[in-house]
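Colleague: Can you keep this structure in mind? I'll have questions shortly.
The values are calculated or read from the model by the stated rules, or taken from the named source; none is laboratory data. Note that the structure is a prediction, hence the values are computed from the model and not measured. A quick note on method: Cβ atoms are made from the backbone with ideal geometry, for glycine too, and the neighbour counts reach across all protein chains shown.
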């Protein structure tokens, strides 16, 4: 009888230890900084998360979903108000992200594994303009007073999401008007 109770206790501990923890994104502390480059220069700005969750189970991150508000795109490098507004209007237009028709982008995490202490490699898929492509990126995680902070960079090839304007993947003879296909998303994501 004691043996059965002992084995049952071990099984219960195993089941409880295997439980998943769902982390919720703190929107006010999380942010994305974008950088787009062209011949002879670049532009920078911010974009906001709508929501985000990440599931931690058995020492790895097993899944997650992040929604980004594409209408929240801002620019931080152009100081002239009219020029800034013109760029943001163009980025929100159908030439780029078509935010009226596609107001959100979605990142789905399918796996996050430790590569060394505090460092993780995440894989999943990114959806922009109803086009979905696989992604892999690295993050550094820190923990402070029960808060988990992830910092990393996701490099996105816009041509895979049908964002065509100024892309030499779609147009010839652009000369100095080429806007590079890859843009960078530097992010800080905070969970409690």
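Colleague: Has the range 27-40 got at least one residue that is without any contact (Cβ under 8 Å) to a residue 40 or more places away in the chain and surrounded by fewer than 13 Cβ atoms within 10 Å (Cβ to Cβ)?
Modeller: The first filter runs over the range 27-40 and keeps only residues without any contact (Cβ under 8 Å) to a residue 40 or more places away in the chain, leaving 27-28.
With surrounded by fewer than 13 Cβ atoms within 10 Å (Cβ to Cβ) added as a condition, the list becomes 28.
Looking through the range 27-40, at least one residue is without any contact (Cβ under 8 Å) to a residue 40 or more places away in the chain and surrounded by fewer than 13 Cβ atoms within 10 Å (Cβ to Cβ).
Colleague: Something else about it: Inspect the range 117-128 for any residue being touching a residue at least 60 places away in the same chain (Cβ under 8 Å), surrounded by 14 or more Cβ atoms within 10 Å (Cβ to Cβ) and in contact with a strand residue (DSSP E or B) (Cβ under 7 Å, 6 or more places away or on another chain) and give the result as yes or no. Spell out how you get there, then give the answer.
Modeller: So in the range 117-128, the residues touching a residue at least 60 places away in the same chain (Cβ under 8 Å) come out as 122, 124.
Among the residues that remain, those that are also surrounded by 14 or more Cβ atoms within 10 Å (Cβ to Cβ) are: 122, 124.
Of the ones still in play, those that are also in contact with a strand residue (DSSP E or B) (Cβ under 7 Å, 6 or more places away or on another chain) are 122, 124.
Checked the range 117-128: at least one residue is touching a residue at least 60 places away in the same chain (Cβ under 8 Å), surrounded by 14 or more Cβ atoms within 10 Å (Cβ to Cβ) and in contact with a strand residue (DSSP E or B) (Cβ under 7 Å, 6 or more places away or on another chain).
Colleague: Let me ask you something else. Determine whether the range 95-108 contains at least one residue that is at pLDDT 95 or above, part of a strand (DSSP E or B) and surrounded by 18 or more Cβ atoms within 10 Å (Cβ to Cβ).
Modeller: yes
Colleague: Inside the range 63-87, can you point out the residues that are modelled with pLDDT of 95 or more, in a helix (DSSP H, G or I) and under 17 Å from residue 33 (Cα atoms)?
Modeller: Across the range 63-87, the qualifying residues are 70, 71, 72, 84.
Colleague: Same structure, new question: Among the residues in the range 148-161, are any assigned to a loop (DSSP other than H, G, I, E, B) and touching a residue at least 12 places away in the same chain (Cβ under 8 Å)?
Modeller: Step one: filter the range 148-161 for residues assigned to a loop (DSSP other than H, G, I, E, B), giving none.
Within the range 148-161, none of the residues are assigned to a loop (DSSP other than H, G, I, E, B) and touching a residue at least 12 places away in the same chain (Cβ under 8 Å).
Colleague: If you don't mind, there's one more thing I want to ask. Just to be sure before I move on: is residue 98 out of contact with any strand residue (DSSP E or B) (no Cβ under 9 Å at 6 or more places or on another chain) and within 23 Å of residue 162 (Cβ to Cβ) in the structure I sent? Step through it out loud before you land on a result.
Modeller: Numbers: out of contact with any strand residue (DSSP E or B) (no Cβ under 9 Å at 6 or more places or on another chain): yes; within 23 Å of residue 162 (Cβ to Cβ): yes.
Taking the combined requirement at face value, the residue satisfies it.
Colleague: I'm trying to understand the selection: among the residues of the range 109-132, which are closer than 17 Å to residue 164 by Cα, in a loop (DSSP other than H, G, I, E, B) and either in contact with a helix residue (DSSP H, G or I) (Cβ under 8 Å, 6 or more places away or on another chain) or at pLDDT below 95 (or both)?
Modeller: To start, the set of residues in the range 109-132 that are closer than 17 Å to residue 164 by Cα comprises 127-132.
The next check asks that each one be in a loop (DSSP other than H, G, I, E, B); those that pass are 129-130.
Hit for the range 109-132 is 129, nothing else.
Colleague: Can I ask one more? With the requirement that a residue be part of a helix (DSSP H, G or I) and at pLDDT 55 or above, what does the range 9-44 give you?
Modeller: Residues of the range 9-44 that are part of a helix (DSSP H, G or I), as a first pass: 9-17, 27-29.
Result: 27, 28, 29.
Colleague: Look at the range 73-87 and say how many of its residues are surrounded by 16 or more Cβ atoms within 10 Å (Cβ to Cβ), touching a residue at least 24 places away in the same chain (Cβ under 8 Å) and out of contact with any helix residue (DSSP H, G or I) (no Cβ under 6 Å at 6 or more places or on another chain).
Modeller: Going through the range 73-87, the residues surrounded by 16 or more Cβ atoms within 10 Å (Cβ to Cβ) turn out to be 73, 75, 78, 84, 87.
From what's left, touching a residue at least 24 places away in the same chain (Cβ under 8 Å): 73, 75, 78, 87.
Pick out the ones that are also out of contact with any helix residue (DSSP H, G or I) (no Cβ under 6 Å at 6 or more places or on another chain) and you get 87.
Total meeting the criteria: 1.
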